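Undergrad: Structure incoming, see below.
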Amino acid sequence: MIYEGKQKIWSDYQKEIPDDHWYYVRSCIRQNFFPASERMFTEITKNVLKKDIYETPYHTTCGGIAYHCDTIPQETVMTIVARQFALMTEAGYENYVPSCITSFGNYSETLETWREFPELEARIRENLWKSCRREFNKPKYLAHSSDLIYHWRNEIAQKGKFRLVDKETGEPLRIVEHIGCHYAKMFPHKGVGGAEYPYVLAGMVESWGGQVVDYPERRHCCGYGFRQYHVKANRGYSVSNTYKKFESMEPFHPDAIITNCPGCPYFLDRWQYVISEQTGKTYGRNGFGIPVFTYEEIAGLVLGYDPWDLGLQLHQVAVEPFLDKIGIEYDPKAKYLGLNKEDILRPGLPTSMKCF
Amino acid sequence: MGLYEELIKDYRVKEGLHTCINCGTCTAICPAAEFYKYDPRKIMNIVQGKDDAQIEELLRSETIWYCGECFSCVTRCPRKNGPGLVIMALRDLSIRLGFFTSSEKGRQVLPLTHAMTGNILKYGYCIHPKTFRWEDHQESGPVWKWHTEHLEKSLERQGANYMGEGPGVLRRIPQESLDELKAIFDVTGGTERIRLVEKFSEQKAKEMGMTMEEYERRTFEDCSEEHFNE
């Protein structure tokens, strides 16, 4: 593609992201699999960047995973979304930030469908009133939580103690970015950089000193597939997609992967373990896997938080070689300790993939 | 009313099918088409062909259950169609008419419905630690086995507010919020959907000579060879 054409596409997919006052809703999957990442999001945004991020305990799932597992009707999921918007309205906010890409896609689909079919929005408003006696305003701005970290990426870099740089050579670390499918594949104009040139994670990597790795299957799905994972019989679909991505990125020797979707870091991490158990193959150096991080985990490392406070002990792929390369200090003996250094035993080890 | 007429009432078909030119771009980009014997191009063609007999065959088939709803097809379609959206509408109609029990992959709607709607109505989450059993997810590795064996202490270390009051990670969602979710299900057809899935599944289990427990376990675990590409 000629350079000017690329610039034109890029300029079409800029996104306005207000600098403050966001109503925050959580992710079902991330709370289960990467609980410290959401805690780190509020820690960084509220305590480091001093932003107003509001959360109410009364919010619930958006229903997105159930919807994409085809277990609830469209009107049900849209009315759950409407209730979430009502809670935002009642709290006095108009900027809405979900922590989940499935949710972000769900909110985007709902708003776009209502825009095209106002009679459906009217029916959902009736549904919400009948069921909950609530009313709502639509958000003025909708952003994913990775959009906000992208928006504040340079501020994070300025406050950072580390950069994504090899401490021995001074060379930038090679980072694969994996964008969750529902971030921009359905509605490209909703994402920073659109679906063709998503920049939300690449921007963070570049600001924090790393180098983004391009590879053939960069935009391929991680393989979640909703029913293709949640039903045991279908999981071959899920692992096959992850396998395809790793075979494609392997020749480019990435040091790590950064993700913005709830499921992707889980699948890219855990299926590496399964592939190693099934075939003996590992994709990192010296028998290790390639560590997979959430954007909050990488931001937390850059800012100098203790890796075990970031929850990196819940990864199956060892993160220590990546930490060593940057020069981040950690206490290996503290990795699996509970709060106040309580001994809660430690996990077993994989058969093939090296782990600590 | 015919099946095609019923199908095009769905907003996802209104949004996702605008005269498909059958170029096959969706199939070329589709992760499911590489893995399963699956061709979204053909599905789009059948639907726009408006032939109710062929549409019924589709609604009873394995093929509509192969899609992973990643929507890579939406990005690439030169006609701005959404084959993934049309698939969602086909699945919805298949469930409403009870046709989903005709296929192995379709019958999986029962365990999915119990898992997802059970978690939403009981806990307010689609996924919850109390039902995400390591035994059913051994791919989550030894680290997750350890995590689930020390769940409360591990989550405490992660800074979660597990089943606690107030905001935070994995907080207990207040009963009044759960009551509102139940009311939403009742008003919008979510509760009726669960009843329908259970009714049609019970009929199928009886036809197959299985108890409901055996039927649900086998729909969750069984996988025939017929689904896969060579």
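The values are calculated or read from the model by the stated rules, or taken from the named source; none is laboratory data. All values derive from a computational prediction rather than experimental measurement. Every residue, glycine as well, gets a Cβ built from its backbone with ideal geometry; the counts of neighbours run over all protein chains shown.
Undergrad: Identify, from the list B:GLY98, B:GLY106, B:GLY118, the residue that is surrounded by 19 or more Cβ atoms within 10 Å (Cβ to Cβ) and either more than 9 Å from chain A (Cβ to nearest Cβ) or more than 24 Å from B:SER201 (Cα to Cα) (or both).
TA: B:GLY106
Undergrad: So, one more: I'd like to know if the range B:112-124 contains one or more residues that are within 25 Å of B:PHE228 (Cβ to Cβ) and over 19 Å from the mean Cα position of the chain (by Cα).
TA: no
Undergrad: Follow-up. Exactly one of (1) surrounded by fewer than 22 Cβ atoms within 10 Å (Cβ to Cβ); (2) modelled with pLDDT of 95 or more is unmet by A:THR45. Its number?
TA: (1)
Undergrad: If I filter the range B:155-177 for residues that are surrounded by fewer than 20 Cβ atoms within 10 Å (Cβ to Cβ), closer than 26 Å to A:GLY105 by Cβ and more than 8 Å from chain A (Cβ to nearest Cβ), do I get at least one hit?
TA: Scanning the range B:155-177, I find no residue that is surrounded by fewer than 20 Cβ atoms within 10 Å (Cβ to Cβ), closer than 26 Å to A:GLY105 by Cβ and more than 8 Å from chain A (Cβ to nearest Cβ), so the answer is no.
Undergrad: Follow-up question, since we're still on this one. Kindly indicate whether A:PRO216 is surrounded by fewer than 20 Cβ atoms within 10 Å (Cβ to Cβ), more than 30 Å from B:GLN138 (Cβ to Cβ) and modelled with pLDDT under 95.
TA: Spelling it out, it is not the case that A:PRO216 is surrounded by fewer than 20 Cβ atoms within 10 Å (Cβ to Cβ), more than 30 Å from B:GLN138 (Cβ to Cβ) and modelled with pLDDT under 95.
Undergrad: Right, next: Out of A:LEU164, A:LEU142, A:LEU120, A:LEU128, which single residue is at pLDDT 95 or above, within 24 Å of A:TYR305 (Cβ to Cβ) and not basic (Lys, Arg)?
TA: A:LEU164
Undergrad: A further question follows. If we scan the range A:329-340, do we find a residue that is assigned to a helix (DSSP H, G or I), without any contact (Cβ under 8 Å) to a residue 12 or more places away in the chain and within 10 Å of chain B (Cβ to nearest Cβ)?
TA: The answer is yes; a qualifying residue exists.
Undergrad: Let me ask something else about it. Hey, does the range B:47-66 have a residue that's more than 20 Å from A:HIS68 (Cα to Cα), modelled with pLDDT of 95 or more, surrounded by fewer than 20 Cβ atoms within 10 Å (Cβ to Cβ) and among the polar types (S, T, N, Q)?
TA: yes
Undergrad: Does the range A:195-243 hold any residues that are polar (S, T, N, Q), at the interface with another protein chain (Cβ under 8 Å from one of its Cβ atoms) and closer than 13 Å to A:CYS264 by Cβ, and which are they?
TA: The answer is A:ASN241, and nothing else.
Undergrad: Moving on. Pick from A:HIS178, A:HIS189: which is over 30 Å from A:ILE290 (Cα atoms) and assigned by TED's automatic domain parsing to the domain that holds A:VAL302?
TA: A:HIS189
Undergrad: Return yes or no: is A:GLU4 modelled with pLDDT of 95 or more and either outside any loop (DSSP other than H, G, I, E, B) or surrounded by 19 or more Cβ atoms within 10 Å (Cβ to Cβ) (or both)?
TA: no
Undergrad: A follow-up question, please. Is it the case that some residue within the range B:188-202 is at the interface with chain A (Cβ under 9 Å from one of its Cβ atoms), free of Cβ contacts under 8 Å to residues at least 60 places away in the same chain and among the hydrophobic types (A, V, I, L, M, F, W, C)?
TA: No, the conditions are met nowhere in the range B:188-202.
Undergrad: Right, next: Does the range B:61-78 contain at least one residue that is touching a residue at least 12 places away in the same chain (Cβ under 8 Å) and in contact with a strand residue (DSSP E or B) (Cβ under 7 Å, 6 or more places away or on another chain)?
TA: Taking every residue of the range B:61-78 in turn, at least one turns out to be touching a residue at least 12 places away in the same chain (Cβ under 8 Å) and in contact with a strand residue (DSSP E or B) (Cβ under 7 Å, 6 or more places away or on another chain).
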